[in-house]
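Student: This is the structure, below, for whatever I ask next.
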Amino acid sequence: MTLTTLSDEELLARADPASFELFYRHQAQRVLAYFARRTHEPELAADLTAETFATALASRRRYRRARGPAAAWLFGIAAKKLADARRKGYAESRARRRLGMERLEPTDEDLRRIEQLGSLDVASLVDVLPPDQGGVVRAHVIDELGYRELADDLHTSEAVVRKRVSRGLATLRDKIGSRP
Amino acid sequence: VSEDFVTRLQLQLREAAEREEQRGRLARSVRSIARGARPVTLAHAAAFALVAAVLAYAGYLATALRGDERPAKRQSGVVARFTPGEALDDVVGGFGSAWVSDTGGNAVLRIDPRTHRVVARIRVGGGDLGLAVGAGSLWALQYNASGPNGPLLRIDPRTNRVVARIALTMRSGVPVAAAGVVASHDNVWVIGAGGAYRLDPASGRFTVAVPVRVGAYIIDSASLDGSALWLGVTDGRLIRLDPRTGVRERVLRVHVMPITVSGALLAVGQYEVRRIDPDSGRALWRVPVGTIYRYNRAGGLLWVDGSASHGPFARLSALDPRTGRVVAAYDTRDFQPEALAAVGPEVWVALNSGRVIVARR
């Protein structure tokens, strides 16, 4: 089996550097977009992204598949980093320092692109969806909750949640596509 | 999207992952020796001798990475390293002791600086703590991940007990948004992103509020001594306040974080330290010290952790505040500090791994 056929959960469970690198490639843009949307500060988003992955690298042995998808675990770390940054007014660098990683200075071009990631106002688009779709899309896409968690919360099946999210996203794709 | 940043971060993470992997191999090698692995035939003896030599060196390195519980007998340099807690966040010296916040153990530890033994373990609840010593007490600001910070705890050094939990509000009920606490002989200030607030130690009330217009910027640093409270703002301003009244006395444009050491106003940037003329804001000298993560004054010197230019381990440098000359530099063989502080004539460094490193010039 080559690494590219492994799931994120399998990649995270392996200890070798190449597996973590692939996991990073799968998730980096999502994490960057997550921070860009929430902070509206590209430089802070870049710092938080780096700190989140450094924390994930340092603590990946604590990840347990039984507790949920790898992405949910990663975004749990991201949410904590965001809360810390809001509390302190800046992005922590504890994990990067522990790993001997210097702060990466984003270029102007980096900042411009990160800003673009954050400018897509998904939240306002979600508001136009029917409530049953809007709620699950918001929870799954913006708040990063997994299908199983949502199904438990809504006392319904995972299949129903998947269907609602899928329909909601299809509607959103149409709306984004119809923008000038 | 943003491939440059993402790719550079990928390379950084790859290097870090490879270093982590090497450290894991090293630790496993040392553990196998500790379990008593032996050569079973004479034919293995020569190979074993070579392996033993390599592993002895590996053991030395692993000890450096793991931390050595024995205080060293050296008189200068890194003189001791030990592990009093689970995850240390801050350290201060005062009342003949070192005080360390142990986030992992939800406690403030009081440590005897001669024996390195924990003499009191003060339970404070969960979360990180910022510590300061002044006005006859130890002050601990509780950081909360899911809401406003606080309360501010007052710890009596005679009883090692929390004697007050001070709510972060002005008398008017207006909340005090706190990000840190600083204290001197008779002043205690809580610093927030948009202002500074003086606590009257006698009444336990906040009596002075100094809002600082920061717009999109924040106050990111503060230094307090008997004569001035300096606030560093990320828009480049360095604001001097009277520490008793909060009256604004001076505003400089410096773009770095302030600290006063033996009467000299120093400014700590990301890569260098400058001495600043407090009247004009002019730099009197500049000294590059690698990438600076933490700094503090101790024994009349400025101590900085300028790690990155020397690899992943922390390197402590001590600067003479008058001349900028680096009078001492020590490799700690450990990862970068969370905080460093003067404890008597020594510098104590608190690490997230739960270890403390003690250095002496």
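The values are calculated or read from the model by the stated rules, or taken from the named source; none is laboratory data. Since we're looking at a predicted model, the values are computed, not measured. Glycine also receives a Cβ, built like all others from the backbone with ideal geometry; neighbour counts cover every protein chain displayed.
Student: Can you find even one residue in region A:14-32 that is closer than 14 Å to residue A:81 by Cα and at pLDDT 80 or above?
Tutor: Yes, because at least one residue in region A:14-32 is closer than 14 Å to residue A:81 by Cα and at pLDDT 80 or above.
Student: Additional query: Name every residue in region B:99-151 that is in a strand (DSSP E or B), surrounded by 19 or more Cβ atoms within 10 Å (Cβ to Cβ) and of a type in the set (D, E, K, R), in order of residue number.
Tutor: B:102, B:110
Student: Kindly indicate whether any position in region A:51-62 is more than 11 Å from chain B (Cβ to nearest Cβ) and modelled with pLDDT under 80.
Tutor: Looking for residues that are more than 11 Å from chain B (Cβ to nearest Cβ) and modelled with pLDDT under 80, one finds at least one in region A:51-62, hence yes.
Student: Please count how many residues of region A:98-119 are at the interface with chain B (Cβ under 7 Å from one of its Cβ atoms) and either in contact with a strand residue (DSSP E or B) (Cβ under 7 Å, 6 or more places away or on another chain) or part of a loop (DSSP other than H, G, I, E, B) (or both).
Tutor: Matching residues across region A:98-119 total 8.
Student: Going through region B:165-210 one residue at a time, which ones are farther than 21 Å from residue B:244 by Cα and in contact with a Leu (Cβ under 7 Å, 6 or more places away or on another chain)?
Tutor: Scanning region B:165-210 gives a single hit, B:165.
Student: Ok, one more. Return only the number of the condition from (1) within 11 Å of another protein chain (Cβ to nearest Cβ); (2) under 15 Å from the mean Cα position of the chain (by Cα); (3) among the small types (Gly, Ala, Ser) that residue A:93 does not satisfy.
Tutor: Failing condition for residue A:93: (2).
Student: If you don't mind, there's one more thing I want to ask. Can you find, within region B:327-339, the residue that is nearest to the chain's Cα centre (by Cα) among those that are within 25 Å of residue B:222 (Cβ to Cβ) and modelled with pLDDT of 70 or more?
Tutor: The extreme case among them is B:339.
Student: For region B:135-159: of the residues being farther than 19 Å from residue B:103 by Cβ and of a type outside the set (Asp, Glu), which is nearest to the other protein chains (Cβ to nearest Cβ)?
Tutor: B:154
Student: Restricting attention to region B:288-320, which residues are at pLDDT 90 or above and among the hydrophobic types (A, V, I, L, M, F, W, C)?
Tutor: Listed by number, the residues that qualify are B:301, B:302, B:303, B:318, B:319.
Student: Those residues that are within 15 Å of residue A:112 (Cβ to Cβ) and over 16 Å from the mean Cα position of the chain (by Cα), I need them from region A:39-64; list them, please.
Tutor: Of everything in region A:39-64, those that are within 15 Å of residue A:112 (Cβ to Cβ) and over 16 Å from the mean Cα position of the chain (by Cα) turn out to be A:41, A:43.
Student: Output the residues belonging to region B:341-356 that are surrounded by fewer than 24 Cβ atoms within 10 Å (Cβ to Cβ) and either within 12 Å of the chain's Cα centre (by Cα) or within 14 Å of another protein chain (Cβ to nearest Cβ) (or both).
Tutor: Scanning region B:341-356 gives B:342, B:352, B:353, B:354, B:355.
Student: Pull up region B:242-269, narrow it to residues that are at pLDDT below 90 and exposed (fewer than 13 other Cβ atoms within 10 Å of the Cβ), then point me to the one that is nearest to residue B:225 (Cα to Cα).
Tutor: B:263
Student: Say we look at region A:63-90 and pick out the residues that are in a loop (DSSP other than H, G, I, E, B) and away from chain B (no Cβ under 12 Å); which of these is modelled with the lowest pLDDT?
Tutor: If we take residues in region A:63-90 being in a loop (DSSP other than H, G, I, E, B) and away from chain B (no Cβ under 12 Å), then A:68 is modelled with the lowest pLDDT.
Student: Further question: From the residues in region B:160-186 that are within 14 Å of chain A (Cβ to nearest Cβ) and of a type in the set (Gly, Ala, Ser), which one is surrounded by the most Cβ atoms within 10 Å (Cβ to Cβ)?
Tutor: Step by step, filter region B:160-186, then rank; the result is B:178.
Student: Taking only pairs six or more apart or across chains, which ones have beta-carbon atoms under 7 Å, a first residue in region B:160-174 that is charged (D, E, K, R), and a second residue that is in a loop (DSSP other than H, G, I, E, B)?
Tutor: Cβ pairs passing all conditions: B:165/B:151.
Student: Restricting to region A:13-37, give me the number of residues that are within 16 Å of residue B:5 (Cα to Cα) and among the hydroxyl-bearing types (Ser, Thr, Tyr).
Tutor: The total comes to 2.
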